[in-house]
Amino acid sequence: MLYPNLTSKRIILASKSPRRLELVRGLELEPEVIVRDVDESYPFSVMGTEVAEFVTRAKAAAYTDMLGLNDVIITGDTVVLLDDEILEKPSNFEEAALMLRKLSGRTHVVASGVAVTTLIGGKPETSCEVDTCEVTFEELTEDMISHYIDSYKPFDKAGSYGVQDLIGFIGVSSINGSFYTVMGLPVHILHKMLQEV
């Protein structure tokens, strides 16, 4: 067994992302998925990759009231950074197309935070880390951008794309870092964090 220390624990994935669920299952865990609406806004003083940590910790804090003695809560957040601009989740076709035009032919940074929260001495304790990765895109044509948005509807994805689907297959020319960090969860870091629970 990969995590003998977790045999009596309830693993909770506090995320509605099907990608994060797939990645946690890749660690041979079957988490219980619990989703709450969490305010993902952040103050202007928090910038760049710090946003991923801030929001990941905010998500963790939103679940501490339900934390039991044998619970392990996993939260995560991903931000896409082009220069100093954070590309959020797009709310419509036009926003998605604008983001993909900006990313076309450029290198950007993806930062994914992951947090593990447990009760220690009766108090919630959150361990959080952020991993970053550089992603370089090929030039994307207008036809490809339109086809991708129409077919894959990337409105739940930071930066308006999923590296694990069509845009990753044909649009991403190089990745400097972990593919899974771009996908939304740095599982190599989560693995170490879970070993230490």
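The values are calculated or read from the model by the stated rules, or taken from the named source; none is laboratory data. Source: prediction; values computed, not measured. Please note: Cβ atoms are built from the backbone with ideal geometry, for glycine as well, and neighbour counts cover all protein chains shown.
Could you list, in sequence order, all residues of segment 99-136 that are surrounded by 15 or more Cβ atoms within 10 Å (Cβ to Cβ), of a type in the set (A, V, I, L, M) and within 25 Å of H188 (Cα to Cα)? Selection gives V109, V110, A111, V114, A115, V116, L119, V130, V135.
The residue pairs whose first member lies in segment 76-97 and is of a type in the set (D, E), whose second member is part of a strand (DSSP E or B), and whose beta carbons are closer than 7 Å, counting only pairs six or more residues apart or on different chains, are D77/G113. When you look at V182, is it at pLDDT 95 or above, part of a loop (DSSP other than H, G, I, E, B) and closer than 18 Å to K102 by Cα, yes or no? Here the answer is no, as V182 does not meet what is asked. Here G184 fulfils each of the conditions (1) more than 15 Å from T78 (Cα to Cα); (2) in contact with a Ser or Thr (Cβ under 7 Å, 6 or more places away or on another chain); (3) crowded, with 23+ Cβ neighbours inside 10 Å; (4) not basic (K, R) apart from (1).
Here V51 meets the list (1) in a helix (DSSP H, G or I); (2) within 17 Å of K16 (Cβ to Cβ); (3) β-branched (V, I, T); (4) in contact with a Phe, Trp or Tyr (Cβ under 9 Å, 6 or more places away or on another chain) almost entirely, failing just condition (2). Restricting attention to segment 154-172, the residues that are more than 14 Å from the chain's Cα centre (by Cα) and farther than 16 Å from L98 by Cβ add up to 6.
Applying a threshold of 9 Å to beta carbon distances and a minimum spacing of six or more residues, or different chains, the list of pairs starting in segment 22-33 at a residue that is under 16 Å from T7 (Cα atoms) and exposed (fewer than 12 other Cβ atoms within 10 Å of the Cβ) and ending at one that is of a type outside the set (F, W, Y) and at pLDDT 95 or above reads E30/I11; E30/V24; E32/R10; E32/I11; E32/I12; E32/L13.
Across segment 1-48, the qualifying residues are those that are modelled with pLDDT under 95 and part of a helix (DSSP H, G or I), and the one among them that is nearest to V79 (Cα to Cα) is R19.
Checked against (1) closer than 21 Å to T49 by Cα; (2) β-branched (V, I, T); (3) surrounded by 21 or more Cβ atoms within 10 Å (Cβ to Cβ), I167 passes all but condition (1). Checked against (1) part of a helix (DSSP H, G or I); (2) under 18 Å from the mean Cα position of the chain (by Cα), I175 passes all but a single condition, namely (1). Which pairs have Cβ atoms under 8 Å, sit 6 or more apart or on different chains, and link a residue in segment 157-174 that is within 22 Å of K16 (Cα to Cα) to one that is acidic (D, E) and at pLDDT 95 or above? Correct list of pairs: S160/E95.
Quick one: is D77 surrounded by 15 or more Cβ atoms within 10 Å (Cβ to Cβ), under 24 Å from L194 (Cβ atoms) and touching a Leu at 6+ places or on another chain (Cβ under 9 Å)? For D77, the condition - surrounded by 15 or more Cβ atoms within 10 Å (Cβ to Cβ), under 24 Å from L194 (Cβ atoms) and touching a Leu at 6+ places or on another chain (Cβ under 9 Å) - is not met. Residues that are assigned to a helix (DSSP H, G or I) and of a type in the set (A, V, I, L, M, F, W, C) within segment 97-146 comprise A97, L98, M99, L100, L103, M144, I145, listed in sequence order. Determine whether A96 is closer than 24 Å to F155 by Cβ, surrounded by fewer than 18 Cβ atoms within 10 Å (Cβ to Cβ), at pLDDT 95 or above and among the hydrophobic types (A, V, I, L, M, F, W, C). So A96 fails the test.
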